[in-house]
Amino acid sequence: MTRFEYVRAVIGEDRLSAGCSAGYAEVFAPSNIALIKYWGKRCRELNLPTVSSLSLSLGKLGTRTRVEPIAGVDKILLSGQVLGSSSEFARRVSQFLDLFRGDGQGFLVETENTVPTGAGLASSASGFAALTLALDQIYGWKVSKEQLSGIARLGSGSAARSLYPGFVEWSRGEREDGLDSVAHCIDARWPELRLALITVSSGEKMISSRAAMERVVSACPWYSVWVRESEREIHQIRSAIASGDFNELGAIAEANALRMHATTLCSYMPHCSDTQCSDTPLCFWLPGTVEAMNRVWRARRDGLAVYFTIDAGPNLVLLFEQRDEELVLREFPEATVVAPFG
Ligand code: PMV
């Protein structure tokens, strides 16, 4: 199935061609950080993941977007700046809008991230989730939140999880057409849970998550171990959330992130004829990443319940509980604390 066919299967041809029911829409979607990562696709066209993933949404941090249908070509603004044709983000947004637009239909998209600038948090997840919510409001598709998550997934896999607050699970699904690979909110609140962003570098990533996971799937000799361990860990982390066991939650999330990064290190085979594996080595960490990881491990040895996760970049996200906030900030004065449950 192609992306176009997927959209038609979910929304319906008649509703897609019915035209706008609102002149514009203004929406917000939260960023999310995966505790069990999405890392590898079982279908590239539909962004279907090899394993299920589980995330925590970041409350008020995310993307605010205003979308208005206009005649002609798309006009895309990020934080008030018009993006030119050389912008990768603008290209991906327009490609996503192609899935829904009628003949001669363009969109004015004004988007703004409420994540602290340069915090190193991916804004593509909240960006594509917000775009999906706005299009739903404009066109009045009347589909379920889960179905909308499947649509957002076509823009960026992790966007499927940014349609909800709190803990969110995105199922791998079994179907080839991807109709069961959708996200749902986990019915659990953990108001004492805290995240803290440690920005080691706010520079451009050397390689996108998309390209990195493709390389890992084709070149990591033990990718199947990653898959097997993730399947085990998602069960464990669900139980840790249900029982409110913080140390279990933190330990599983940290182990999952470390294993994900280990797959990148192992995707370099200098004498391989396939350029996917013989390219330069792939490591997202910078010296500051390793230094902060060691600070976390030292603090933990000294009795502080603090763990970390890292996405496909050099920055850490710490996990701890409210009662330890002062101690964590003493160890990590540079941290920006987030209360995901408000
Ligand atoms: O949604 P993408 O294509 O940006 O991939 C996200 C990949 C990770 O951030 C590394 C993991 C995840 O589950 O968010």
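Each value in this text was obtained by applying a stated rule to the coordinates, not by laboratory testing. This is a predicted model, so every value here is computed, not measured. Heads up, the Cβs are rebuilt from the backbone with ideal geometry, glycines too, and the neighbour counts pull from every protein chain shown.
Cross-link partners of residue 41 among lysines, defined as those whose alpha carbon lies under 26 angstrom from its own and excluding same-chain residues fewer than eight positions apart: 145, 205. Dividing the summed -39500 (n - 2.57) terms of all DSSP H runs of n ≥ 4 by the residue count of the chain sets its mean residue ellipticity at 222 nm at -11500 deg cm²/dmol.
Compared with the direct C-alpha span, the chain from residue 85 to residue 275 gains 65.5 nm at full extension, assuming 0.36 nm per residue.
With respect to the chain, whose longest principal axis is taken over its alpha-carbon atoms, helix 287-301 is tilted by about 60°. Legend: ranking of residues 241, 138 from fewest to most surrounding C-beta atoms inside 10 Å; resulting order 138, 241.
Derived value for the range 162-238: Kirkwood hydrodynamic radius 16.0 Å. Basis is the mean of 1/r over every pair of different alpha-carbon atoms. With the biggest extent put first, the Cα atoms of the range 129-207 measure 40, 34, 31 Å across the principal axes.
Counting every alpha-carbon pair across the chain, the share separated by more than 32 Å comes to 30%. For residue 75, a cut-off of 17 angstrom between C-alpha atoms picks up these aspartates and glutamates, skipping any fewer than 8 places away in its own chain: 26, 88, 98, 103, 110, 112.
Approximating the spin labels as points 7 Å out from Cα along Cα→Cβ, the residue 180-to-residue 77 distance works out to 4.5 nm.
Take every Cα pair under 8 Å whose residues are at least 6 apart in sequence, average their separation, divide by the length of the range 110-247, and the relative contact order is 19 percent. Measuring nothing but how far apart in sequence close Cα pairs (under 8 Å, 6+ apart) lie, relative to its length, the chain scores a relative contact order of 21 percent. Here the range 1-147 was treated as a single set of alpha-carbon atoms; its pair distances binned every 10 Å from 0 give 10, 38, 38, 13, 0 percent. Per residue, the convex hull around the alpha carbon atoms of the range 204-342 comes to 131 Å³.
Note on the chain: GNM, Cα springs under 10 Å; of 89, 320, 167, the largest mean-square fluctuation is that of 89.
Rg of the Cα atoms in the range 57-107, relative to 2.2 N^0.38 Å, amounts to 1.26.
The residues packed around residue 299, meaning those with a beta-carbon under 11 Å from its beta-carbon, carry a net charge of +2 if Lys and Arg are +1 and Asp and Glu are -1.
For the range 49-149, the relative contact order is 38 percent, taking Cα pairs closer than 8 Å that sit 6 or more residues apart in sequence and dividing their mean separation by the residue count.
Ordered from longest to shortest, the equivalent ellipsoid semi-axes for the range 64-141 are 21, 14, 10 Å, each the square root of 5 times a Cα gyration tensor eigenvalue. Subtracting the Cα-Cα distance of residue 330 and residue 188 from their residue separation scaled by 0.36 nm leaves 48.2 nm. Between the alpha-carbon centres of the range 175-229 and the range 270-342 there is a gap of 15 Å.
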